[in-house]
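The values are calculated or read from the model by the stated rules, or taken from the named source; none is laboratory data. Since the structure is predicted, the reported quantities are computational estimates derived from the model, not experimental observations. Cβ atoms come from the backbone with ideal geometry, glycine included; neighbour counts cover every protein chain shown. We work out accessible area using only protein heavy atoms, side chains counted, and drop any ligands, DNA or RNA first. Shrake-Rupley method; radii C 1.70, N 1.55, O 1.52, S 1.80 Å.
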Amino acid sequence: MRELLSYERVVVTPSQITNRQLSQLHNANIRVYGYLSVGEWDNSLGQVPANSTVLTQNTDWNASVMDMQDPDWQNHLLSEADRLLSRGFDGLFLDTLDSYRPSE
């Protein structure tokens, strides 16, 4: 946590920061962005969200590559974004937008 105080903006994994730590960063005038994987589901988190379509696996990152056209996956992402913003994050860092591409 102390290392983050050296920056004006930070990106964090939301599950690895407490609300108290989030408040401490805000009190230090640091903008805090929550990481949100758009194209992949981290398999270490358990089951893929209900009814969401998996296209393939990213074995390098132990992740499921999700079908971003799937309405269930879109609803999951919107719900997660709302949850993070309601929790007090200043914004979102969207990642894995290119996971639909096959590796070369």
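Pair-distance distribution of the chain: all C-alpha pairs, bin width 10 Å, starting at 0; shares per bin in whole percent are 14, 42, 28, 15, 1. At a probe radius of 1.4 angstrom, the accessible area of the chain per residue rounds to 69 square angstrom. Toward the positive end of the charge dipole of the chain, with +1 on the Cβ of Lys and Arg and -1 on the Cβ of Asp and Glu, the farthest Cα among T59, G34, S23 is that of S23. Compared with the direct C-alpha span, the chain from R31 to A50 gains 3.6 nm at full extension, assuming 0.36 nm per residue.
Across the alpha-carbon set of the range 1-54, the Rg to Rh ratio works out to 1.11, Rh being the Kirkwood radius. Ligands, DNA and RNA excluded, the heavy atoms of S23 present near 60 Å² of accessible surface to a 1.4 Å solvent probe.
Estimated from helical segments only, the mean residue ellipticity of the chain at 222 nm is -8000 deg cm²/dmol, where each DSSP H run of four or more residues counts as -39500 (n - 2.57). Using the Cβ of Y35 as centre and a radius below 12 Å, the other residues enclosed give a net charge of -4, where K and R count +1 and D and E count -1. Ligands, DNA and RNA left out, the 1.4 Å accessible surface of the chain is 47% carbon and sulfur atoms.
Mind checking the angle between helix 71-87 and the chain's longest principal axis? C-alpha axes, 0 to 90 degrees, to the nearest 10. Tilt of helix 71-87: around 10 degrees.
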